[in-house]
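The structure appears below as structure tokens.
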Amino acid sequence: LMEALGAERAAQPVVVRMAGHESAEGRALLRAFAHPDVIIADEVADALDALRGIDTANRAAGTVPAAPPVAYPLADEAWPLPPAARKGYRRSGRRGVPWLGPDTQVLVQGITGKVAQRHVQLMQEYGTRIVAGVTPFKGGQSVLGVPVYDSVHEACRHHRIDASIIFVPAPFAPDAVMEAAAEEIPWAVCITEGIPQRAMLSALKNVPPSPTRVIGPNTPGIIVPGATKIGIMPGYVFTPGPVAIFSRSGTLTYEAAARLSAAGIGQSFCAGVGGDSFIGSDFISLFECIRDDDATEAVLVLGEVGGTAEEDLARWVTATGFAKPVLGFIAARTAPPGRRMGHA
């Protein structure tokens, strides 16, 4: 960057956020370089604040750059309203589970990766409406009939996006969550595992005040059986019905759904909260989603040893008078005494 800019002024300000190996040395070099058009940010939130400040200054000065040519025609479902005007919209009509239904439009972040492409195909076969994908520097391509854009912002300019599923590699996944939240996408499902805890905690702290509901990371995703699947779960084990399933384990979710389905008991809404220490939506926040959902008559909770999530939920259910029956199962009763057990 220093070599490219030299002593010349940049056409537009450049906001730099570095993380990872030797990032501190990189920031020190740029600060010593002291280029007037380079702004250095320590966190994603700082970078977003800097970009908003640049935009505000440009608008005040009447120097807003012209929008680049549109690479694709606007979709028929293109959203005609700004984010602030769409927060209360309930496309699916389900009071407790906003935005999720057969008409939910899904964005795939990291769509050009091999794993993402495999699950895009499976989601499409299930009936999920995937309308756009994002991979930086690969905009203009098409994956399984889905147009690819360079950024979430660009994708949201051309399509109404109700939910995003994130297949981005671990070092970049927290930024992908922040990018979805910056566009106020109602649901952001982060499949990625192995994300550094500090990075994810920082991203989750910076999601508010965005209304985006983050699921995960390290989650199998969410599914409304018979309507839409935004995740990596095997769709064939789920059937429509009255029981919601919230789980810390993907495998236990599939087994429970399969056994319920075999017994003639379908599911209304299933979500994996994620196996990591820092997650977006916990059991309590998901219970709030289905408290008034007429399609949900009971809830099955699949927990694990470690942490207090299940105990916190039990106290909340009692204290708030949650009216639906709740059944719980905590795995690892046969775990070896004194041995630390991981999520798996």
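In Å and whole numbers, how far do the C-alpha atoms of the range 200-287 stretch along each principal axis, longest first?
Reported extents, whole Å, longest axis first: 42, 22, 21.
Rounded to the nearest 10 degrees, what's the angle between the helix 44-61 long axis and the longest principal axis of the chain, both from Cα atoms, 0 to 90?
Roughly 50 degrees between the two axes.
Can you list which of the GluC sites (Glu not before Pro) found in the range 6-51 are DSSP loop residues with at most 13 other C-beta atoms within 10 Å? Don't skip to the end; give the middle numbers.
Details: sites: GLU8, GLU22, GLU25, GLU43; in loops: GLU8, GLU22, GLU43.
Filter output for the range 6-51: GLU8, GLU22.
Roughly how many percent of the accessible protein surface of the chain is carbon and sulfur, given a 1.4 Å probe and a whole-percent answer? Don't skip to the end; give the middle numbers.
Numbers: 9710 of 17350 Å².
Carbon and sulfur atoms account for 56 percent of the accessible area of the chain.
Figure the gain on full extension for GLU125 and ALA11 (residue separation times 0.36 nm, minus the Cα-Cα span) and round it to one decimal in nm.
Separation in residues times 0.36 nm, less the Cα-Cα distance, equals 36.5 nm.
Which value, in Å², gives the accessible area per residue of the chain when a 1.4 Å probe is used on the protein heavy atoms?
Per residue, the chain has an accessible area of 50 Å².
So if I take the centroid of the Cα atoms in the range 291-344 and the same for the range 126-143, what is the distance between those two points in Å?
36 Å
D for the range 151-225, whole µm²/s, Stokes-Einstein with Kirkwood Rh over alpha-carbon pairs at 4 °C and 1.567 mPa s: what number?
The diffusion coefficient I find is 105 µm²/s.
Between the helical axis of 114-126 and the dominant principal axis of the chain, each derived from Cα atoms, what acute angle in degrees is found, rounded to the nearest 10?
So the helix axis and the longest Cα principal axis differ by about 50 degrees.
At 222 nm, what value in deg cm²/dmol follows for the chain if DSSP H runs of at least 4 each add -39500 (n - 2.57) and the sum is divided by all its residues, to the nearest 500?
Taken over the chain, the calculation gives -9000 deg cm²/dmol.
Which percent of Cα pairs goes in each bin when the distances of the chain are cut into 10 angstrom slices starting at zero?
5, 23, 32, 23, 11, 5, 1, 0
Between the helical axis of 309-320 and the dominant principal axis of the chain, each derived from Cα atoms, what acute angle in degrees is found, rounded to the nearest 10?
Long axis of 309-320 versus the principal axis of the chain: about 70 degrees.
How big is the charge dipole of the chain about its Cα centre, in debye rounded to the nearest 20, if each Lys and Arg gets +1 on its Cβ and each Asp and Glu gets -1 on its Cβ? Mind showing how you got there, number by number?
On the way: 30 positive and 34 negative charges, 111 e Å.
Computed charge dipole of the chain: roughly 540 debye.
The values are calculated or read from the model by the stated rules, or taken from the named source; none is laboratory data. It should be emphasised that the depicted structure is a prediction, and the values quoted were computed from it without experimental measurement. So basically every Cβ, Gly included, is an ideal-geometry build from the backbone, and we count neighbours across all protein chains shown. Remember, those area values only see protein heavy atoms, side chains included, never the ligands or the DNA or RNA. Shrake-Rupley method; radii C 1.70, N 1.55, O 1.52, S 1.80 Å.
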